[in-house]
Amino acid sequence: MRVDEWVRTAERRLASAGVESSRLEAQMLAAHVLGVERSWLLAHPEAEVNDLAGEVLLQRRESHEPLAYILGWREFYGRRFRVTPAALIPRQETEMLVDAVCELAPVPGSRVLDLGTGSGCIAISVKLERPDLILTASDVSPGALEVAEWNATELEASVELVLSDGFQALQGRVFDVIVSNPPYVALDEALPRDVVEWEPRQALFAGHTGLEFYK
């Protein structure tokens with residue numbers, strides 16, 4: 001099937017499933033099947049797409065599996081980060097934390113801790129923007145740290161990774177800046193299916209009020 005025809009069909013099905021940005025996501029899925037960038041896809045509407053491979057991915061998205069988990073990556077601060085169900089999907093609004101850390105740590109050699117790093121997107125982005133800073137990233141989840149390690153290696157960012165429940169494994173350490181994007185959702189708060197059915201609950205829910213981590 002021509003890729004432009006496949007995209008039109010996929011767009012209709014995704015829209016019927018309640019997926020926002022259905023056309024963009026259909027194009028992203030098609031590009032993933034073909035192993036090309038979306039810009040190439042748009043320039044070659046006559047390209048042939050494997051119907052079977054496309055159908056498998058399309059059904060996964062129709063079941064509200066997040067697009068980032070299907071593609072295996074999400075862009076954050078202008079870079080591609082690997083994501084798996086072991087870590088929360090990076091959000092665009094979290095990029096402001098990278099800006100804040102870079103501004104709050106003006107002295108070269110400042111020690112920065114990213115507490116609850118998940119995919120490592122904050123710590124790695126800070127290190128790449130400010131190579132003069134010393135970055136440590138911790139998480140309670142071994143699976144999340146594996147994702148962060150892969151991203152740090154792939155993006156060539158020197159970040160120390162520590163398995164720690166909060167500050168437990170960091171006792172006696174001193175940091176100049178601590179940044180965290182912790183769980184902040186109350187247990188009874190309604191969330192989209194794409195989030196609550198797929199992303200790690202440990203990274204989402206903080207307790208009955210959503211403020212337990214901060215307390």
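The values are calculated or read from the model by the stated rules, or taken from the named source; none is laboratory data. Nothing here was measured: the structure is a model prediction, and the numbers come from that model. As a convention, Cβ positions derive from the backbone with ideal geometry for all residues, glycine included, and neighbour counts pool all protein chains shown. When the accessible area is computed, the model is the full protein with side chains, heavy atoms only, and any ligands, DNA or RNA have been set aside. Shrake-Rupley method; radii C 1.70, N 1.55, O 1.52, S 1.80 Å.
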- Item | Test: Leu24 is of a type outside the set (Gly, Ala, Ser) and in contact with a Lys or Arg (Cβ under 9 Å, 6 or more places away or on another chain) | yes
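Table: residues versus (1) part of a loop (DSSP other than H, G, I, E, B); (2) of a type in the set (Ser, Thr, Tyr); (3) under 17 Å from Val179 (Cβ atoms); (4) without any contact (Cβ under 8 Å) to a residue 12 or more places away in the chain.
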residue: Met96; (1), (2), (3), (4): no, no, yes, yes
residue: Pro106; (1), (2), (3), (4): yes, no, yes, yes
residue: Val112; (1), (2), (3), (4): no, no, yes, no
residue: Gly118; (1), (2), (3), (4): yes, no, yes, no
residue: Ala123; (1), (2), (3), (4): no, no, yes, no
residue: Val126; (1), (2), (3), (4): no, no, yes, no
residue: Ala137; (1), (2), (3), (4): no, no, yes, no
residue: Gly143; (1), (2), (3), (4): no, no, no, no
residue: Trp150; (1), (2), (3), (4): no, no, no, no
- Message: If I filter the range 52-74 for residues that are open to solvent by 60 Å² or more (accessible area, probe 1.4 Å), of a type outside the set (A, V, I, L, M, F, W, C), at pLDDT 95 or above and within 17 Å of the chain's Cα centre (by Cα), do I get at least one hit?
- Response: yes
- Message: Based on this model, can you work out whether Val174 counts as part of a helix (DSSP H, G or I), out of contact with any Asp or Glu (no Cβ under 9 Å at 6 or more places or on another chain) and β-branched (Val, Ile, Thr)?
- Response: no
- Query: Can you tell me which residues in the range 201-212 are assigned to a loop (DSSP other than H, G, I, E, B) and more than 13 Å from Pro182 (Cβ to Cβ)?
  - Reply: His208, Thr209
- Note on the structure: Being open to solvent by less than 10 Å² (accessible area, probe 1.4 Å) and more than 22 Å from Glu212 (Cβ to Cβ) narrows Val112, Val174, Val107 down to just Val112
- Task: Of the numbered conditions (1) of a type in the set (A, V, I, L, M, F, W, C); (2) out of contact with any His (no Cβ under 8 Å at 6 or more places or on another chain); (3) outside any loop (DSSP other than H, G, I, E, B); (4) under 30 Å from Val3 (Cα atoms), Ile89 fails exactly one; give the number of that condition.
- Result: (3)
- Task: Output the number of the condition that Glu156 fails; it satisfies all remaining conditions of (1) free of Cβ contacts under 8 Å to residues at least 40 places away in the same chain; (2) surrounded by 13 or more Cβ atoms within 10 Å (Cβ to Cβ).
- Result: (2)
- Note on the structure: Listed by first then second residue, the pairs whose first member lies in the range 165-180 and is charged (D, E, K, R), whose partner is surrounded by 11 or more Cβ atoms within 10 Å (Cβ to Cβ) and assigned to a strand (DSSP E or B), with beta carbons under 6 Å and at least 6 positions apart or on separate chains, are Asp176/Arg111
- Is at least one residue of the range 18-25 polar (S, T, N, Q), buried (at least 17 other Cβ atoms within 10 Å of the Cβ) and more than 27 Å from Gln202 (Cα to Cα)? yes
- Message: Filter the range 152-169 down to the residues that are part of a loop (DSSP other than H, G, I, E, B) and of a type in the set (A, V, I, L, M) and list them by number.
- Response: Leu155, Ala157
